[in-house]
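*Asks:* Before we start, here is the structure in question, set down as structure tokens.
The values are calculated or read from the model by the stated rules, or taken from the named source; none is laboratory data. These numbers come from a predicted model, not from an experiment. Methodologically, a virtual Cβ is constructed for each residue, glycine included, from the backbone with ideal geometry; neighbour enumeration extends over all protein chains shown. Please note that ligands, DNA and RNA were not included when accessible areas were found on the heavy atoms of the full protein model with its side chains. Shrake-Rupley method; radii C 1.70, N 1.55, O 1.52, S 1.80 Å.
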Protein chains: 2
Amino acid sequence: MTVAAATISVGDELLAGESLDTHGRTIAEALGDRGVRVVSHVVVGDDVVGIEQAIRSALRRAGLVLVTGGLGPTLDDVTREGLAAAIEQPLVEDPDGLATIERWFAGRSRPMPATNRRQALRPRDAVLLENANGTAPGVLWKGSEATVVLLPGPPRELGPMLDSVMDGVLADAPPRPRVVLRAHGLGESDAASRIESLMERNRELPVATTVSNSIVSARIRGRSSDDRALVDAIAAEVESAWAPYCFGRDADSLPHVVGRELAARSLTVATAESCTGGGLGAAITEVPGSSEWYPGGFVTYANERKVADLGVPPELLASEGAVSASVVEAMVAGVRGSTGADLGVATSGVAGPGGGTDARPVGTVWIAVGDRDGVDRRRFRFPGGRDLVRNRTVLAALQMIRLRLLGESATLLWEWSESGDGS
Amino acid sequence: MTVAAATISVGDELLAGESLDTHGRTIAEALGDRGVRVVSHVVVGDDVVGIEQAIRSALRRAGLVLVTGGLGPTLDDVTREGLAAAIEQPLVEDPDGLATIERWFAGRSRPMPATNRRQALRPRDAVLLENANGTAPGVLWKGSEATVVLLPGPPRELGPMLDSVMDGVLADAPPRPRVVLRAHGLGESDAASRIESLMERNRELPVATTVSNSIVSARIRGRSSDDRALVDAIAAEVESAWAPYCFGRDADSLPHVVGRELAARSLTVATAESCTGGGLGAAITEVPGSSEWYPGGFVTYANERKVADLGVPPELLASEGAVSASVVEAMVAGVRGSTGADLGVATSGVAGPGGGTDARPVGTVWIAVGDRDGVDRRRFRFPGGRDLVRNRTVLAALQMIRLRLLGESATLLWEWSESGDGS
């Protein structure tokens, strides 16, 4: 089966740029996992005629139309009316739907405002779809040649409904096997050239790569559940071509993977941060249960703190500067000494926008990771503004921890070793 | 002048949900500041006919059409061809444009790939627009009744071009006065009810509110530069109705405002973090120059670190628990003592998803802010998952610092004081 889908997001706040429309992407991803291609996406305001026209136009090009937003209780919310006009059916009140909404309010000991009654309306031949997280039911209309689904706009209501809606309207297009591999520390073109033959468009299952927030991803999608083994085999090829940069799959993040590797070895890591200001500790503790491998650390933003909390010799700071190999190495020694953690990690750099010099331009960052066997010190020159430099420092530090745990060595993107500055 | 605009984002990766389309919002905001309303936004794939149809359809409803994406050098990039088809003009090579592209590569000592020559193409009666950050020039076509602008998709290329393009095509619609006020610590409905009369739709300049990431914003837009004084007067009314929660305007963030208030008083603050894991220090150091008011702090994720680094008495941890008023107060005393900072701020809570109890459910967080005059200790119960609880803790801590500096007292959203648990 090949279905084409068209998606519509409804909301004045989206058109005005006051809110960001993320539903187009959410739904396109869910459809893509089932092999359904989105052929158009449109944003329209809270306006009956505009919604009606958008649905009519979508029905001309797709067999499945998904509309989000405009199902609230107020008079501004007119997506129901837009659908009724597009398919030329009257709106009727659904008694079961009304009872469900009344129960929703009763369960919260609140009276149902009169306007919420509108949420039980549906075109005559449509059915309502249950919404466990709000009062707006979805609406499903199946015509002879096409299906239209209306879904609520709030993400915490839409998200939980999406899977069951997909199962319902795409029963003959179950989710297809999919693997996304995640890598850090190699550039996009390097990543692509390592898997060039796997990316050729005329292959059975071509691999597609994207880069976002310094993470390179490779996506492999099967055409049906029969492709499971092929998808896994291609994923293994990518993993091997991207070793040792490839750190995980699907929802894996570097903090999760580093936590897993530490926990598997019953090791702990402590942080000594300067330019990241606590961002590395915050990343490590994103992971539930991180107290198992992370006792804590020090934010030594001022040099006095590096001396007082980590025992960095003041003369080293004076002679080498805070952004230097010797200082991050001393920070690692200090944080390991005072916390007793198995590993220590330290960051010190020029995040900008000010503070750069010829020898240490903005973006220069030293990162050190050490354990009882030694210290890995690396200098980076990260491109981008202050936020990007700091985020990239956190990711590089996590990847350095991971590589050290695995006993792998690999040069990371933006490492800067050509001159002899203290390294 | 009232112009209506239509926007189009081009890219297969947007339709497939692999990338998030943010240009619709960026451009709608820029247009809104000039009083231009966006009447439709469409996402189409990298397909000549689809782009042509989208431009034709947009021209039927709007006098200004802005298209982003699909101006790259590869054969997939066909937005130029789509425009040429929609306005029925041949594409011609622009000699100046070609020279600019050649200079771009020469300046980087790289040979120009042959495919980049395509980027100098434009419809016969169109002109190219300079792109200082990439090889893809924009394209501007002015017909008798409408204008179409093509702009490059990469945000770091689009962003810098947008202002000058707006100045060019909307010379008679200069940016209008606008103020956005930012508040933290009061709920959206509370915020709205405090300015109810200002929000009435039939007012001259109605105020619109939005909430994002726990920050409530009020937007006031003038109709022309004559409204400057009126906009300022309304902004002052909102500010006063939202006092003391209103912390700034426009691009102000809590870390910036707290930094400004500390710097103005020549005071410093140090952090003692448990559940935020470094996120509070990372927020404070988002601000360039924050070393002026932030020496650093401690991430005491494990209780042993609270004892060792901050001198929290072990018996206090045993009797009260780490998530308690006494412990955050002791953390503040510890961090002020060891760093000598004027203010200390401490966080300790149950970020979840595990670790909750009946007395301290997930989302329970104690925050303390202290100086030589005393300590402000507050208990919160933040809704949401782990990330939200931690982000909300950081914002509440920053607002508590600000209120203490200003000598203001106000209960913050999600404060939880009904029971006597240690408070």
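*Asks:* Please report how far the C-alpha centroid of region A:115-142 lies from that of region B:186-238, rounded to the nearest whole angstrom.
*Replies:* Result: 33 Å between the Cα centres.
*Asks:* Looking only at other chains, what is the average number of their beta-carbon atoms within 10 angstrom of each beta-carbon in A:289-298?
*Replies:* Values: counts 3, 3, 6, 1, 0, 6, 9, 15, 10, 9.
Partner Cβ neighbours, averaged per residue: 6.
*Asks:* For a Förster distance of 41 Å, can you work out the FRET efficiency between the beta-carbons of B:Phe105 and B:Ser417, rounded to the nearest 0.05?
*Replies:* 0.05
*Asks:* While we're on this one: Tabulate in residue order the Karplus-calculated ³J(HN,Hα) for region A:4-19, using 6.51 cos²θ - 1.76 cosθ + 1.60 with θ = phi - 60°, rounded to whole Hz; enter x for Gly and Pro.
*Replies:* After applying 6.51 cos²θ - 1.76 cosθ + 1.60, I find 10, 10, 10, 10, 9, 10, 10, x, 4, 5, 6, 5, 7, x, 7, 10 Hz.
*Asks:* How much of the accessible area of region A:254-406, probe 1.4 Å, is carbon plus sulfur, in whole percent? Intermediate values should be presented prior to the final figure.
*Replies:* Values: 2370 of 4970 Å².
Solvent-exposed carbon and sulfur of region A:254-406 make up 48 percent of the total.
*Asks:* For all pairs of alpha-carbon atoms in region A:254-406, what percent lies in each bin of width 10 Å, listed from the first bin to the last filled one?
*Replies:* Histogram of Cα-Cα distances, whole percents per bin: 13, 46, 33, 8, 0.
*Asks:* Between B and A, buried accessible area summed over both sides at probe 1.4 Å, in Å² to the nearest 100? All intermediate terms of the calculation are to be shown ahead of the outcome.
*Replies:* Working: alone 19300 and 19320 Å², together 34690 Å².
Adding both sides of the contact gives about 3900 Å².
*Asks:* With unit charges on the beta carbon (Lys/Arg positive, Asp/Glu negative), name the residue among B:Val139, B:Phe105, B:Gly50 whose Cα is farthest towards the positive pole of the charge dipole of region B:4-169.
*Replies:* B:Val139
*Asks:* Counting only other chains, and only Cβ atoms inside 10 Å, what mean value do you get across the residues of A:42-52? If you can, show how the numbers build up before the last one.
*Replies:* Values: counts 7, 11, 4, 5, 0, 1, 0, 0, 3, 0, 0.
The per-residue average across the peptide is 3.
*Asks:* Dipole magnitude of the protein assembly as shown about its Cα centre, charges +1 at Lys/Arg Cβ and -1 at Asp/Glu Cβ only, in debye to the nearest 20? The partial results should precede the final answer.
*Replies:* On the way: 86 positive and 110 negative charges, 22 e Å.
With Lys and Arg at +1 and Asp and Glu at -1, about 100 debye.
*Asks:* Only sites in a loop by DSSP and with at most 11 other Cβ atoms within 10 Å count here; which GluC sites (Glu not before Pro) in region A:79-110 make the cut?
*Replies:* Numbers: sites: A:Glu81, A:Glu88, A:Glu93, A:Glu102; in loops: A:Glu88.
Counting only loop positions with at most 11 other Cβ atoms within 10 Å, the GluC sites (Glu not before Pro) in region A:79-110 are A:Glu88.
*Asks:* What residues of region B:169-206 lie in the reach of a label at B:Ala410, counting those whose backbone N is under 19 Å from a point 7 Å from the Cα along Cα→Cβ?
*Replies:* Under cut-off, by backbone N: B:179-199.
*Asks:* Here's something else I'd like to know. Above 16 angstrom, tally the Cα pairs of region B:293-351 and express them as a % of all pairs, no decimals.
*Replies:* Details: 593 of 1711 pairs.
Roughly 35 percent, rounded to a whole number.
*Asks:* What Kirkwood hydrodynamic radius do you get for chain A when you take the inverse of the mean 1/r over all pairs of distinct Cα atoms, in Å?
*Replies:* Numbers: mean 1/r = 0.0401 Å⁻¹.
Hydrodynamic radius (Kirkwood, Cα pairs) of chain A is 24.9 Å.
*Asks:* Considering only A:Arg219, A:Arg392, A:Arg305, give the residue with the highest GNM mean-square fluctuation for chain A, with springs between Cα atoms whenever their separation is below 10 Å.
*Replies:* A:Arg305
*Asks:* Here is a follow-up. Alpha carbon centre of region A:13-45 versus region A:353-395: separation in Å?
*Replies:* Between the Cα centres of region A:13-45 and region A:353-395 lies a distance of 37 Å.
*Asks:* Sort A:149-156, A:232-239 by packing, meaning the average of other beta carbons within 10 Å per residue, with the highest value first. Let's see the in-between values first.
*Replies:* Numbers: A:149-156: 21.1, A:232-239: 17.8.
Order by mean packing, descending: A:149-156, A:232-239.
*Asks:* On to the next question. Would you mind listing how long region A:4-169 runs along its three principal axes, going by Cα atoms, in whole Å with the largest first?
*Replies:* So the extents along the principal axes, rounded to whole Å, are 44, 33, 31.
*Asks:* To the nearest whole number, what is the average tally of beta carbon atoms from other chains within 10 Å of the beta carbons of peptide B:32-39?
*Replies:* 3
*Asks:* Okay, moving on. Report the residue, chosen from B:Ala270, B:Ala318, B:Ala28, that carries the largest GNM mean-square fluctuation when chain B is represented by alpha-carbon nodes joined by springs under 10 Å.
*Replies:* B:Ala318
*Asks:* Scan chain A for the residue whose Cβ is closest to the axis carrying it onto chain B, then write down that distance in whole angstrom.
*Replies:* A:Gly278, 2
*Asks:* Explain nothing, just the number: dipole magnitude of region A:4-169 about its Cα centre with +1 on each Lys and Arg Cβ and -1 on each Asp and Glu Cβ, in debye rounded to the nearest 20. List each step's numbers first, then the result.
*Replies:* On the way: 16 positive and 23 negative charges, 53 e Å.
About 260 debye.
*Asks:* Where is the GNM fluctuation largest for chain B (alpha-carbon springs, 10 angstrom cutoff): B:Val327, B:Val67, B:Val39?
*Replies:* B:Val39
*Asks:* Given N residues in the protein assembly as shown, what is Rg(Cα) / (2.2 N^0.38 Å)? Don't skip to the end; give the middle numbers.
*Replies:* Details: Rg = 28.4 Å, N = 846, 2.2 N^0.38 = 28.5 Å.
My calculation over the Cα atoms of the protein assembly as shown gives 1.00.
*Asks:* Still on this structure, please answer the following. Which residue, B:Ile220, B:Val231, B:Gly159, has the largest displacement toward the positive end of the dipole of region B:155-241 when charges sit on each Cβ (Lys, Arg +1; Asp, Glu -1)?
*Replies:* It is B:Gly159, whose Cα lies furthest towards the positive end.
*Asks:* Can you tell me the FRET efficiency between A:Asp373 and A:Glu304 if r is taken as the Cβ-Cβ distance and R0 is 45 Å, rounded to the nearest 0.05?
*Replies:* Here the calculated transfer efficiency is 0.90.
*Asks:* Separate question: I want to check the label-to-label distance for B:Val211 and A:Leu205. Put each point 7 Å from Cα in the C-beta direction and report it in nm to one decimal.
*Replies:* Distance between the two pseudo-spin positions: 4.4 nm.
*Asks:* What value, in deg cm²/dmol to 500, does the helix sum -39500 (n - 2.57) over DSSP H runs of n ≥ 4 give at 222 nm once divided by the residues of chain A?
*Replies:* -11000 deg cm²/dmol
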